[in-house]
1. Since P93 meets every condition but one in (1) of a type outside the set (A, V, I, L, M); (2) surrounded by fewer than 17 Cβ atoms within 10 Å (Cβ to Cβ); (3) part of a loop (DSSP other than H, G, I, E, B); (4) modelled with pLDDT of 95 or more, which condition does it not meet?
2. Taking into account only those residues within segment 126-181 that are assigned to a loop (DSSP other than H, G, I, E, B) and among the small types (G, A, S), which is surrounded by the fewest Cβ atoms within 10 Å (Cβ to Cβ)?
3. Return yes or no: is A45 aliphatic (A, V, I, L, M), part of a helix (DSSP H, G or I) and assigned by TED's automatic domain parsing to the domain that holds E127?
4. Is there any pair linking a residue in segment 241-262 that is within 17 Å of T121 (Cα to Cα) to one that is within 16 Å of the ligand (Cβ to nearest atom) and among the polar types (S, T, N, Q), with Cβ under 6 Å and at least six apart or on different chains, and which?
5. Do you know which residues across segment 254-286 are part of a loop (DSSP other than H, G, I, E, B) and either under 23 Å from D85 (Cα atoms) or hydrophobic (A, V, I, L, M, F, W, C) (or both)?
6. Looking at segment 198-210, can you tell me whether even one residue there is acidic (D, E) and either surrounded by fewer than 18 Cβ atoms within 10 Å (Cβ to Cβ) or in a strand (DSSP E or B) (or both)?
7. Residues T269, T213, T237, T203: which one is closer than 30 Å to N138 by Cα and assigned by TED's automatic domain parsing to the domain that holds V132?
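The values are calculated or read from the model by the stated rules, or taken from the named source; none is laboratory data. Keep in mind the model is a prediction, meaning the values are calculated, not measured. A quick note on method: Cβ atoms are made from the backbone with ideal geometry, for glycine too, and the neighbour counts reach across all protein chains shown.
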Amino acid sequence: MRIANITGRLALVAEDRALDVETASEGRFHSDPAAVFADWESFAAWGTEIDVAAHPLSTPLQASALAAPSPRPRQVIGVGLNYADHAAESGLPLPEQPVVFTKFASSVAGPDVDVQLPGDTVDWEAELVVVVGRGGRNIAEADALSHIAGYTVGQDLSERTVQWQGTPAQFSMGKSFENFAPTGPVLATLDEFADHNNLAIQTLIIGPDGTETRVQDSSTTQLVFPVADLISRLSRTIELLPGDLIFTGTPPGVGMGMDPQRFLQDGETLRTEIEGIGAIVQRFHA
Ligand code: ZN
């Protein structure tokens, strides 16, 4: 099952068709995309049975109308250094426990947005984002997948100067500017993937003249703490809540790790794609 937020209304989607959930369920499920996670299991049981393309009420999917699949998460958890090669390019040792920070929830945005550059050291981080369905504390690794609503694509945009300002550093501030947590284009449930632990993840920078540069190209098989392990470890401290987002870390290829370093500039566009989910796009302005 794939769901989307279409101009603030929850929809089921399949390829180029969309189906409004409140209408198709005759009011059983609310139109608010943020409300669905609290009742995730009954929604998923209903939604999985629907053939969107064949449904008489389905309509053409307008990609430009897509917004964040979980638009108002109460918590947005970021995990740093969760790919071994990215830890190395950051000049930091491989963590023994997940390195955790928050992206404040007001930074969450949809899959196609303009971003005002707050500084000249804004960097990209392609990330697989877990959307929490059923919440909980002290979730066993063996039960962790049953707490996931699905996966979406995210960018953990990071203003590096702010992030590394002071001692200790200010990760959460550097990563929480307006539109610094774009997500989408859809939420895909785990049964949508042949192997949900093995997804190609890529970032392209598109210059003002259309030139494309592939800067990140990896696989989620490289996660130091895989998704189920992460959920278990995080839930020992944090009560996970329906709709929460977990940014699971970025593969190598960020601008900070390049020699010379390279950051996002006025007029550039970032395109981040994860196999089986889709792509998100941000355009940057000085
Ligand atoms: Zn990150």
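1. Status for P93: all satisfied but (4).
2. Residues of segment 126-181 that are assigned to a loop (DSSP other than H, G, I, E, B), as a first pass: 133-135, 137-140, 156-157, 164-170, 175-180.
Then keep just the ones that are among the small types (G, A, S); that gives 133, 135, 140, 166, 169, 176.
Numbers: G133: 24, G135: 20, A140: 11, G166: 8, A169: 13, S176: 24.
The selected residue is G166.
3. no
4. G253/Q216
5. Here is the first cut: in segment 254-286, the residues part of a loop (DSSP other than H, G, I, E, B) are 254, 258-268, 275-277, 286.
Scanning segment 254-286 gives V254, M258, D259, P260, Q261, R262, F263, L264, E275, I277, A286.
6. First, the residues of segment 198-210 that are acidic (D, E): 209.
Then keep just the ones that are either surrounded by fewer than 18 Cβ atoms within 10 Å (Cβ to Cβ) or in a strand (DSSP E or B) (or both); that gives 209.
Looking through segment 198-210, at least one residue is acidic (D, E) and either surrounded by fewer than 18 Cβ atoms within 10 Å (Cβ to Cβ) or in a strand (DSSP E or B) (or both).
7. Numbers: T269 fails: closer than 30 Å to N138 by Cα; T213 fails: closer than 30 Å to N138 by Cα; T203 fails: closer than 30 Å to N138 by Cα.
Matching residue, one of T269, T213, T237, T203: T237.
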